[in-house]
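Since the structure comes first, as structure tokens, the remarks are kept for the end.
Read the figures in this text as sums done on the coordinates, not as results from a lab. Just so it is clear, the model here is predicted, and its values are computed rather than measured. Cβ coordinates were reconstructed from backbone atoms using ideal geometry, including for glycine residues, and neighbour counts include every protein chain displayed.
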Amino acid sequence: MTPSLHAQLVEEIRAERLVAMATLLTGPGKDAKMLIWPDRHTGTLGDDGLDGEVLRVAAAALASQQSARFTFRQRENEWDIFVDVFPPPPQLVMVGAVHIAIPLVTFAAALGFRTMVVDARRAFATPERFAHADQLLIGWPADTLSTLHLNESTCLVTLTHDEKLDNPALLVALNSPVRYIGALGSKRTHASRVAALKAEGATDAQIARIHAPIGLDLGGRRPEEIAVAIIAQIVQVTNEKEMRR
């Protein structure tokens, strides 16, 4: 790897930005490398056709956050390429310091998520209730979220049942690359939410990113059971698995 590409890769990993390194394992130009982001790349593997094919495969690998190895053949040449994906550390942002958030922090932390709880209501957002969270942020959610690094490894859930808190936070999330967005509330609540978000300029494609009612339908009603349903859906979505019926 050239020093410049290596230095850029290290910088991106430290900055917690999603990036991939494509390495030519066999074939003409062996050991050539490309550094690839979701929206750009630098370097070349030495062949325009091969570069284009690698960028296509890398786009899928970055989207799934899964490394990939593949072979590309063109006329008499054959290349073996490895696309190594470096995703940011996973983080779960919970808008609403409600009862459900307490066990949800515990479950998310057990799965390796950095946990952040955001709420403007100091009566709920207390250190005593959320001593186990990595961060407890007191302030209006939309304003607070705008200061955070919401990246492709971020999952965000709104839990307050208060549209003044949830909807502005959802708008911030919809305009970010977060991997999962979930919103607590009934189908009727979500229909009202959709109308309000559209009035604020959200598109149908953006709104389709919201999982609502949030969580897998496990039949639970207690806060702990709802938290299980939410974290289960996050695991399902981030692993790109469909439920079997």
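For Pro90, the shell of other residues with beta-carbons less than 13 Å away shows a net charge of -1, using +1 for Lys and Arg and -1 for Asp and Glu.
The Cα trace of region 34-152 gives Rg and Dmax of 20.9, 70 Å, the first to one decimal, the second as a whole number.
In this simple spin-label model, placing a label point 7 Å from the Cα along the Cα-to-Cβ direction at both Lys164 and Ala7 gives a separation of 5.2 nm. Relative protection proxy for 232-238, 146-152, 165-171, from highest mean packing down: 165-171, 232-238, 146-152 (other beta-carbon atoms within 10 angstrom).
Working value for region 3-86: equivalent-ellipsoid semi-axes of 21, 14, 10 Å, each the square root of 5 times a Cα gyration tensor eigenvalue, largest first. Summary of the geometry: region 123-165 and region 187-245, compared by the centres of their Cα atoms, lie 17 Å apart. Working from label points 7 Å from Cα in the Cα-to-Cβ sense, the His149 to Ala208 distance is 3.1 nm.
When only the Cβ of Lys, Arg, Asp and Glu is charged (+1, +1, -1, -1), the dipole of region 184-245 relative to its Cα centre reaches about 200 debye. Ignoring aspartates and glutamates fewer than eight residues from Lys33 along the same chain, the ones with Cα atoms less than 17 angstrom from its Cα are Glu11, Glu12, Asp47, Asp48, Asp51, Glu53, Glu78, Asp80, Asp84. For His211, the amide hydrogen comes within under 5 Å of the amide hydrogens of Ile181, Gly182, Ala183, counting only partners 5 or more places away or on other chains and with H modelled in the peptide plane.
Stokes-Einstein, applied to the Kirkwood radius of the chain over Cα pairs at a viscosity of 1.306 mPa s and 10 °C, places its translational diffusion at 81 µm² s⁻¹.
Compactness of region 148-238 was expressed as the Cα radius of gyration divided by 2.2 N^0.38 Å, which yields 1.03.
Selection among Phe70, Ile226, Thr106 by position relative to the dipole of the chain gives Ile226 as farthest towards the positive end (Cβ unit charges, Cα centre).
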